[in-house]
Every structure is written in structure tokens, then in C-alpha cells.
């Protein structure tokens, strides 16, 4: 059997693929693809399988808050390419990306339903989170969507918020944990480690000169953990490597004027990575970034950091 194709289409430019049969659609931003998102995706896949239909995700780019209230827009957990990769891995058959504009933000809920869900996607079933809001001034809610769906011939269902231990899982909570450096707790709510992607760029070689060469990562991810040293996993050419990462301004050698840098020392790895793609997953914050009196003191601390990180990795499966 051949591989079932995965399609990404964009509104209003692209037509719905002919291969999509009676789409069962989940709507949301899906930033971070956390445990709550996983539950709604699993439900949509199951519903679609029962009817030989196509499970589809409907999402927005840019994030609506970046258009409606850019001064208060959150730093996102994922880039759009990361989100698309994660959704493909989650088993949906396609993603419909609505280009979110100021004009679209002024649409009444019924206009959005008619243009996007009915005319464009021809949805037969739609799933949303219990707190889903849409349309001008966020005036549409689940009840209105269900009423509009009944008029237009598609079912509407909702998934209640997912709780993990005592917390409601949400992208907002995960962002706060990452921003506080609590990357291990963020990973627990996500169901996977917090991850950034980027390209390895040339640095000044100081790490190599003190015996700890680093890969300097240029990333489009909006949200970095706060300055400090982290136990991380570097994925290079699909292979997982234990590593430690410093996020910060390197105060020992003079503060970086360009803002926080991401520098990763990959254990037991000596290949040139310049210009290569690297995925970095944050497991645990080890310490804050500090200023050291000289390179020897910094080298001693890095050695201690590496020993501690290696002990951590011995206790987990990469």
C-alpha cells in the first residue's frame, strides 16, 4: 500500500484537495501541540476512521492575536513549519491554514462558517475546544457554531479542557512555564520536550578554545527559555545526541549586543555543523547564567555542568 498523502492548503488561495472525503475538522491554533491538542486530534481521527472520512486540522497564520492585538500577542511555542511537521506526525491527513488578516478578523461568525467551513472545506463534522471563540470581536462561541452547523448541514462537537494532575493544560500555561525556565514542567504538560529549530551559524570559537566546542543556533522560534544552562537533546540528521545548552549573553567574555544566544555543546561529537539544521529539545534547567573571573573558572564550571548532565542522561532513555 502506498503512503496516504498529507496536504497543506491555504485560504483563500488553494482549493480543497479532491482526495479529502467528507472532512472531519478540528479548529484551533494548536500552538505547542500539547496534551489537550492531542486529545482533540485523536478524537477527530477516530471519528473520521469510523466514516471513512478525512481528518483535517484548521488553523490560522499568523496567530490571530498578532493581528488583532499585536501589543499583547504571546511569543509562540512553535513556528508554522514545526506545527505542520507535528500535525503530520500526529496522523491527520491534512492542514487547512487560514491566512488571518485584519479584514478577516471583522467577519461575522456566520460569514466565517459559510466561506471557510462550508464553501471551502465542505466539512461534515467540526470539533473545537470548549472555550472556542471566533468571528468579529470573538462574538461566536460553541453554541453559535453548533446552531450554524445545523443550518449548514454539519455536526459540531467539543472537547472539554484536559487536566494533567491539578492543572488545565493550555498553551498559555506552557508558555509561562517555558518563560520561567521550568522546561521540565512545560514538557510534562506538552507531552513532549519543548523544542526549537534552527541553523548552526559560525561563532567566535571561544568554546572550542577552552575545550567545549559549541554549535551556535540561529532560530526563528519566538520563545526562548530565560538565560541559563540547560540539559538538552540535539537532533542532527535524525540522530539524537545528549548535550548541554547555554542561553544568554556570555557575560564572562563581554555581553552579546545582539541579545540572547543559543550555544549547544554536543557530547562526544566532533563533526562540523556549520550551515546544518539542528533541533534542540530542552529537558531541564541546571543553573542560571553567571559571570566568571576568567576562562579557567568557566571551564571548570562547564566540566561540572557536563558531569551533572551526563548523570541525568544516564537515568533517562533518549
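Just so it is clear, none of the values below were taken in a lab; they were calculated from the coordinates. Remember, it's a predicted structure, so these values are computed and weren't measured experimentally. Heads up, the Cβs are rebuilt from the backbone with ideal geometry, glycines too, and the neighbour counts pull from every protein chain shown.
Structural remarks
- Just so you know, the Cα atoms of the chain work out to an Rg and Dmax of 22.2, 72 Å.
- Degrees, to the nearest 10: 142-152 long Cα axis against longest axis of the chain: 50 degrees
- In this rough spin-label picture, where each label sits 7 Å from Cα along the Cβ direction, the residue 146-residue 164 distance is 2.8 nm.
- Taking the longest Cα principal axis of the chain as reference, the axis of helix 80-89 is set at about 70 degrees.
- Computed [θ] at 222 nm, helices only, for the chain once each DSSP H run of length n ≥ 4 contributes -39500 (n - 2.57): -8000 deg cm²/dmol
- Share antiparallel - DSSP beta bridges, the chain, percent rounded to 5: 60 percent
- In terms of its C-alpha gyration tensor, region 193-314 comes out rounded, because the ratio a/c of the largest to the smallest axis stays below 1.5.
- Distance between the C-alpha centres of region 105-125 and region 270-318: 49 Å, rounded to the whole angstrom.
- Per residue Cα convex hull volume in Å³ - calculated over region 7-167: 116 Å³
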